[in-house]
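J.: Quick one: the structure is below, and I'll ask about it shortly.
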């Protein structure tokens, strides 16, 4: 009995010590790179906002960040607010509002930015910032055709079977085998339709 | 284990005991990440790093690991190394990290790493285990890179952004999709095992 207790205590102690060493190593690298990772995430968001609004984004990170600072007004001065007003590239074009919205997918949160014309309610581009959907199924929300299909439409959206390629302003194609992921994106888009209408009523830019 | 047997093991892992086309391990990532050469190279470097260091670490610890919890220890060491690779990619190669998505994390479940830990690291000295880990990783890597070159070239006409096929080339889209991975891997295994590694036919009765 005593031998068995010793054996168990030895195993638990060994595992505990090894876990402590491993976690310390991982935590050290995490802390050393946290600032850099956060900067990368900010830059990715800035690129996505500009791309959604149809602005050509330069490859160089510094140039992209500078373009974002110049062309985009951030609501409440914080990118966490989730509402960005992108200036028109020329005086004739309308300005665009880009919303960052999250929805519940199959495995986790789907994080996206969507551009919309605040006056006409016409959608620009969709960009997926992050998700945990199934590779090959739900993860196909990142495919170009899926993100492109909302451009020029007005919503509120209903899903159609994949391959329909509907031109109707209130229809988008779902992804076969990923009904919940498609519905999550639809709900994000429909939330933006509501937000746009509310902002228009309130008379905000 | 002598230097000569280390060299023999190194050669075997690249050829007659290759983890991909002989042992048919690590097929999930072989199919998933081989549509772009750049991503494949990063995945392969990550796997070589994890296989080599997990073998080395477990071999150094092999006389102290309680046998009842050896698999927990193996998973802890492997998972820790994979998370280090993941954090490094997020900090220094965010685009590749995003494109590889869950597959970096899934290195933890790659059968090659656990297989080498169980078969070699727990019973061999550190140098032999390290050599085995490196060679298993390289054996996996060159097969994946060969498949990736074929898939990216036929699927996009380019390799690493450099146009290699003539301007009128029609891309074989199936090559960059999952079925393309199955086809190319199957042909690769068929050519290698059916042609290059075919045992000499027996003569007489």
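J.: Looking at A:43, A:50, which is the one that is without any contact (Cβ under 8 Å) to a residue 60 or more places away in the chain, within 14 Å of chain B (Cβ to nearest Cβ), surrounded by 11 or more Cβ atoms within 10 Å (Cβ to Cβ) and under 20 Å from the mean Cα position of the chain (by Cα)?
T.: A:43 is the lone residue from the list that is without any contact (Cβ under 8 Å) to a residue 60 or more places away in the chain, within 14 Å of chain B (Cβ to nearest Cβ), surrounded by 11 or more Cβ atoms within 10 Å (Cβ to Cβ) and under 20 Å from the mean Cα position of the chain (by Cα).
J.: Consider residue A:102 carefully, then state whether it is within 18 Å of the chain's Cα centre (by Cα), touching a residue at least 60 places away in the same chain (Cβ under 8 Å) and under 25 Å from residue B:90 (Cβ atoms).
T.: Taking the combined requirement at face value, the residue satisfies it.
J.: Return yes or no: is residue A:71 without any contact (Cβ under 8 Å) to a residue 60 or more places away in the chain, under 30 Å from residue A:97 (Cβ atoms) and more than 9 Å from every other protein chain (Cβ to nearest Cβ)?
T.: Considered against the rule, which asks whether it is without any contact (Cβ under 8 Å) to a residue 60 or more places away in the chain, under 30 Å from residue A:97 (Cβ atoms) and more than 9 Å from every other protein chain (Cβ to nearest Cβ), residue A:71 comes out as yes.
J.: Continuing with the same structure: What residue, among those in region B:77-100 that are more than 19 Å from residue B:112 (Cβ to Cβ) and facing chain A (nearest Cβ under 8 Å), is modelled with the lowest pLDDT?
T.: For region B:77-100, the residue satisfying everything is B:98.
J.: Taking residue B:51 and the conditions (1) assigned to a helix (DSSP H, G or I); (2) away from chain A (no Cβ under 14 Å); (3) farther than 30 Å from residue A:17 by Cα, which numbered condition does it fall short on, given that it satisfies the others?
T.: (3)
J.: Of all residues in region B:58-76, how many are crowded, with 19+ Cβ neighbours inside 10 Å and either away from chain A (no Cβ under 12 Å) or in contact (Cβ under 8 Å) with a residue 24 or more places away in the chain (or both)?
T.: Adding up the residues that qualify gives 4.
J.: Restricting attention to helices (runs of 4 or more DSSP H) lying wholly within region B:106-205, give those where 2 or more residues are within 24 Å of residue B:57 (Cα to Cα) and in contact (Cβ under 8 Å) with a residue 40 or more places away in the chain.
T.: Where helices (runs of 4 or more DSSP H) fall fully within region B:106-205 and carry at least 2 residues being within 24 Å of residue B:57 (Cα to Cα) and in contact (Cβ under 8 Å) with a residue 40 or more places away in the chain, they are B:111-116, B:126-156.
J.: Does any residue of region A:23-31 turn out to be part of a helix (DSSP H, G or I), farther than 30 Å from residue B:66 by Cβ and at pLDDT 85 or above?
T.: Yes.
J.: Here is a follow-up. Tell me, yes or no, whether region A:2-10 has at least one residue that is part of a helix (DSSP H, G or I), touching a residue at least 40 places away in the same chain (Cβ under 8 Å) and more than 8 Å from chain B (Cβ to nearest Cβ).
T.: Checked region A:2-10: no residue is part of a helix (DSSP H, G or I), touching a residue at least 40 places away in the same chain (Cβ under 8 Å) and more than 8 Å from chain B (Cβ to nearest Cβ).
J.: Look through A:62, A:28 and report the one residue that is over 20 Å from residue A:85 (Cα atoms), free of Cβ contacts under 8 Å to residues at least 12 places away in the same chain and away from every other protein chain (no Cβ under 11 Å).
T.: A:62
J.: Something else about it: Taking residue B:6 and the conditions (1) within 18 Å of residue B:131 (Cβ to Cβ); (2) assigned to a loop (DSSP other than H, G, I, E, B); (3) more than 12 Å from the chain's Cα centre (by Cα), which numbered condition does it fall short on, given that it satisfies the others?
T.: The failed condition is (2).
J.: For region A:110-133: of the residues being touching a residue at least 40 places away in the same chain (Cβ under 8 Å), assigned to a loop (DSSP other than H, G, I, E, B) and crowded, with 16+ Cβ neighbours inside 10 Å, which is nearest to the chain's Cα centre (by Cα)?
T.: So, considering only residues that are touching a residue at least 40 places away in the same chain (Cβ under 8 Å), assigned to a loop (DSSP other than H, G, I, E, B) and crowded, with 16+ Cβ neighbours inside 10 Å, the one nearest to the chain's Cα centre (by Cα) is A:131.
The values are calculated or read from the model by the stated rules, or taken from the named source; none is laboratory data. Just so you know, these numbers come straight off a predicted model, no measurement behind them. FYI the Cβ positions are ideal-geometry reconstructions off the backbone, even for glycines, and counts take in every protein chain you see.
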